[in-house]
Amino acid sequence: MEKIRHETLGDAINIALIQTRDDIGKTFESIARDCGVHPHSFVADFAAIPDLARKIEPQVDAVLCRPGTAEHAASAVGIPVIAIPVTSFDLVCALYHLNAPFRRAAVFCYRKKFSGVDVIEKLFQCEVIQYFFWDIEEIPGLVDDAARIGVDFCFGGGVTSAHAQKVGLRTVKITPNEDSIFRSVHEALHAIKVRRRERSQAARLEMVFDSISEGIVVTDTEKNVVIYNGTAAKICKTGDADVIGRNVCDIVRDPGIAMTFKAEEKEPSYLKKIQDNTYAIRQKPVVLDQNRIGTVYSFEDITTIQHLEALIRNQLRSKGLVPRYRFDDILSQNPQMNRCKDLAKRYARAAASVVIEGESGTGKEMFAQSMHLASNRATGPFVAVNCAAIPETLLESELFGYEGGAFTGARKEGKPGLFEEAHQGTIFLDEIGEVPAALQARLLRVLQEREVRRVGSNRVVAVDIRIISATNKNLLQKVQEGTFRDDLYYRLNVLNLKIPPLRERKEDISLIAEKLLTLFGMQVTPEIMVAIAPALTAYDWPGNIRELTNILERMSLLIDNASAPSEWAGLLEQMLQVSGNDDPQVMTLSVDMNCGLKDLVREVERKVVGEMLVRNNNDLAAVAAQLKIGRTSVWRKVRSETTH
C-alpha cells in the first residue's frame with residue numbers, strides 16, 4: 001500500500017477510531033502513522049458511543065467508525081465522523097476464512113445491500129440472505145427472523161453478533177479490509193483540511209466584521225440571524241445573548257429597530273432615528289443563482305460619517321497656514337497684557353520652546369503667530385495643529401508622517417508629517433495637554449534630538465523647528481496627576497506666557513469692540529461706544545474675545561448704523577442676558593428675516609454654536625454632545641466664525 005503523509009495541514013492531526021469490538025485497531029493505527037497521523041483507538045458499548053465521542057472531541061480532529069456506529073457518534077459531535085465502508089469483498093473474505101461447511105447464511109447490512117451476492121452464492125455454493133436495517137433497534141427482530149428460518153451463520157457487525165449469540169446463532173463479524181481503512185483515513189484527512197480552512201476563513205471573517213465600525217446584521221429569507229457583529233449588538237441592545245439562528249425581530253429590544261428589520265424599504269439606503277442617534281441604514285439582498293437567500297443590514301451613526309467628512313475636507317489642521325496676526329493686532333491698554341506682549345516679543349527673538357497658557361478664546365494663537373512673524377523664522381512655514389481635534393489613531397501619522405504601505409489606507413508614496421512640514425519654521429501645538437501618553441515619549445525625542453522618524457520607517461529625518469505650545473489646562477497639575485510626562489513638560493515649558501482673561505482687562509473691551517464692529521462694517525461713533533460701554537464691562541465674558549466677537553457680529557446683523565445709541569445699548573443688554581441664560585433647554589435668538597434662507601440658516605447655526613460654547617465654557621466635547629454632532633464639526637464651525 002502506498003504511504004502518503006499529509007504534512008501540508010500544519011498542526012499535528014489526531015484521528016480516533018471508535019469500535020464496539022476491537023478487531024481493526026492495530027491495522028488503523030499502523031495506517032494512520034504511515035499517513036503522519038496520531039491514532040487513538042477506543043472500544044465502547046453502542047449506547048455509550050455518543051458520550052465517548054463528546055468526551056474526546058476536544059482532543060481529536062476526526063472520528064472513524066463502522067457505518068451504523070458512525071451515525072450514532074456524528075449526532076453528538078461537530079467534528080467530522082467518517083464511516084469505514086464494509087464492501088462485498090469484505091463479505092467474500094469473511095466467507096473464505098470461515099473454514100466450516102454451511103448451507104445458508106444471513107448477512108446484515110446497514111441501509112444498503114451488498115452487490116454481487118448471486119456470484120458469491122455460486123462461488124461458495126450456499127444461500128445468502130440479506131437483511132438491511134435503518135436503525136440499530138431493528139437488529140433484534142431481524143436476527144430472530146434469521147433464527148426462525150434456520151440460518152447456519154450470521155454475518156455482520158458487533159451489535160449483530162451480540163444479538164445473534166443471545167439466540168444461539170453462530171456469528172462471523174465482517175471486518176473492513178485494509179484498503180477501506182486506508183481510504184477512510186484519507187477521507188478524514190480531507191475533511192479535516194476542509195474544516196480547518198472553513199474555520200480559518202470564519203475566524204478571519206469574524207475578525208473583519210468585529211473590526212468594522214458599522215453595525216452589520218445578515219439574515220436569511222426567514223429573517224433568522226446568520227452573521228452579527230459586536231457593533232450591531234450595541235446598537236440593537238441584544239446584550240450577550242447568542243443570537244445566531246434566532247429571528248432578528250425577536251431579539252432586538254428597541255421597537256424602532258425591530259420595524260427596520262420587518263419592513264422592506266424600497267430605498268437601499270435611508271436615515272432612521274434610533275433612540276437618541278440617527279443612523280444611515282443600508283440593506284442589500286444576498287443573491288445566489290438569481291435567488292434571494294438573505295439580506296445584509298448595515299447601521300452607521302451619521303456623526304461618524306460627519307467626522308470622516310471633516311477629516312477628509314479639512315484634515316483637522318491648519319496645514320501650511322500663513323500667519324496673519326502681528327503684535328500690532330493685539331489691542332490692549334491693560335498693563336498686565338502689555339507686559340505679556342513685551343515678554344512675547346523678547347521670546348520671539350529666542351529659539352527655545354514656549355508654552356502659552358490661557359483660557360479658551362483669549363488669543364493664544366494670535367500670540368503664537370505674532371512671535372513667529374517677529375522671529376528670524378518669519379519667512380519659514382507656520383504649521384498649526386489642534387492636538388485635541390485629531391483622533392488619537394491619526395495623530396501619530398499626522399505629526400510624524402508615514403512611509404508608503406505603513407498601514408492600511410496609507411498612500412503608496414508615503415506622506416511627510418507636520419514636523420517635517422514645519423522645517424525651518426514654527427509648529428504650533430494647540431491643546432498640547434490632550435496629546436495621548438503613547439505619543440508623549442516620541443514628542444520628547446523630537447524636542448531632544450530635533451529629528452523625527454516616520455511611521456513604518458527606520459530612517460530618521462533632521463528637522464529645524466521651533467515649538468510653541470498652547471493649553472487651557474493646568475499642565476503642572478496634569479504632571480502631578482500622572483497624565484502628562486514631567487520631562488516633556490519641562491522641555492516644552494522653557495519659556496512661559498500667561499495670557500489674562502478678558503474679565504481681568506476690562507479697559508480693553510471697548511477698544512476691541514470698536515475694532516471688531518468696524519471690521520463687521522458698522523459705523524461706530526463715540527456716542528455709541530459710550531452707550532454700550534457699561535454693558536460690555538459689566539459682563540464677565542467667560543468665552544473671552546471669541547465670545548465678544550460672536551456677540552458683536554450677531555449685533556451687527558440685528559441693528560442699523562442709523563440706530564440711536566440707546567438702541568445699541570438696549571440690544572446689547574438683551575443679547576448679553578440671552579447669552580447668560582442659565583436654562584440649558586431655552587435659547588432666544590434674533591435673526592434678520594430679510595436675508596435669504598441659506599444665509600438665515602447659516603446665521604442661526606452660527607449663533608446656536610456660539611451660544612452653546614458660551615454656556616459650556618468653550619468645552620467642544622460638551623457642545624458636540626448636546627448638539628449631537630461631532631466635536632470636529634463644532635471645531636470647524638468655531639474656526640469658521642473666527643475667520644469671518
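Please treat every number below as a calculation from the coordinates, not as lab data. Keep in mind the model is a prediction, meaning the values are calculated, not measured. As a convention, Cβ positions derive from the backbone with ideal geometry for all residues, glycine included, and neighbour counts pool all protein chains shown.
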Worksheet item: Which of the trypsin sites (Lys or Arg not before Pro) across region 446-519 are loop residues per DSSP, with 10 or fewer other Cβ within 10 Å?
Response: Arg459
Discussion item. Which aspartates and glutamates, if any, have their Cα less than 19 Å from the Cα of Lys223, not counting same-chain residues under 8 positions apart?
Written reply: Asp242, Asp250, Asp254, Glu264, Glu265, Glu267
Discussion item. Quick check: net charge around Tyr110, other residues with Cβ under 11 Å of its Cβ, Lys/Arg +1 and Asp/Glu -1?
Written reply: +1
Worksheet item: Where both residues lie in region 372-511, what percent of DSSP beta bridges are antiparallel, nearest 5?
Response: 30 percent
Worksheet entry | lysines with Cα under 21 Å of Lys193, excluding same-chain neighbours fewer than 8 positions away | Lys3
Worksheet item: Add -39500 (n - 2.57) for each DSSP H run of 4 or more in the chain, then divide by its residues: what number comes out at 222 nm, to the nearest 500 deg cm²/dmol?
Response: -13500 deg cm²/dmol
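Write down the percent of antiparallel bridges among all DSSP beta bridges whose residues are both part of the chain, to the nearest 5.
Working: 33 of 78 bridges.
Here the share of antiparallel DSSP bridges comes out near 40 percent.
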Worksheet item: Going by how many other beta carbons lie within 10 Å of each one, how would you line up Glu611, Glu187, Glu222, fewest first?
Response: Glu222, Glu187, Glu611
Worksheet entry | Too-long pairs where the Cα-Cα distance tops 30 Å, listed order kept, from Lys113/Lys166; Lys345/Lys473; Lys234/Lys364; Lys26/Lys166 | Lys234/Lys364
Worksheet entry | Sites Ala621 and Asn14 - FRET efficiency at Förster radius 45 Å, r taken between beta-carbons, to 0.05 | 0.25
Response to the item:
Rounded to the nearest 0.05, FRET efficiency between Gln448 and Asp242 (Cβ-Cβ, R0 45 Å) equals 0.30
Discussion item. Please list, in order along region 528-541, the HN-Hα scalar couplings obtained from phi with the Karplus expression 6.51 cos²θ - 1.76 cosθ + 1.60 (θ = phi - 60°), rounded to whole Hz, x for Gly and Pro.
Written reply: 5, 5, 5, 5, 8, 4, x, 5, 5, 7, 6, 7, 8, 6
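Fewest to most neighbouring Cβ within 10 Å: what's the order for His97, His163, His372?
Numbers: His97 10, His163 21, His372 25.
Least crowded to most crowded, the residues run His97, His163, His372.
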Fill in: Least to most buried among Glu547, Glu137, Glu300, Glu567 (fewest other Cβ within 10 Å first)
Glu137, Glu567, Glu300, Glu547
Response to the item:
Sorted by chain and number, the residues with a modelled amide H under 5 Å from that of Asp152, at a separation of 5 or more or across chains, are Arg103, Arg104, Ala105, Ala106
Item to complete: Report relative contact order for region 318-500 in percent, whole number only (criteria: Cα-Cα under 8 Å, sequence separation at least 6).
Response: 31 percent
Worksheet item: Does a label point 7 Å from the Cα of Arg195, set along Cα-to-beta-carbon, have any residues of region 32-47 with amide nitrogen under 19 Å, and which are they?
Response: 32-33, 35-43
Worksheet entry | In sequence order, calculated HN-Hα J values of region 221-236 (Karplus, 6.51, -1.76, 1.60; Hz; x Gly/Pro) | 5, 9, 6, 7, 6, 9, 9, 7, 9, x, 5, 5, 4, 5, 5, 7
Practice prompt. Determine the gain in length on full extension of the stretch Ala76-Leu439; use 0.36 nm per residue of separation and subtract their C-alpha separation, reporting nm with one decimal.
Written response: 125.4 nm
Worksheet item: In region 338-398, which trypsin sites (Lys or Arg not before Pro) fall in coil by DSSP and have 15 or fewer other Cβ atoms within 10 Å?
Response: Arg349
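Would you kindly state how much longer the chain becomes between Arg33 and Arg602 on full extension, computed as 0.36 nm times their sequence separation minus their alpha carbon distance, in nm to one decimal?
Numbers: separation 569, 0.36 × 569 = 204.84 nm, distance 7.81 nm.
In short, 197.0 nm is gained.
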Worksheet item: Taking the Cα-to-Cβ direction at Asp276 and at Asp152 and moving 7 Å from each Cα, how far apart do the two end points lie in nm?
Response: 8.9 nm
Worksheet item: What FRET efficiency would be calculated for the residue pair Gln165, Gln59, taking the C-beta separation as r and a Förster radius of 41 Å, to the nearest 0.05?
Response: 0.75
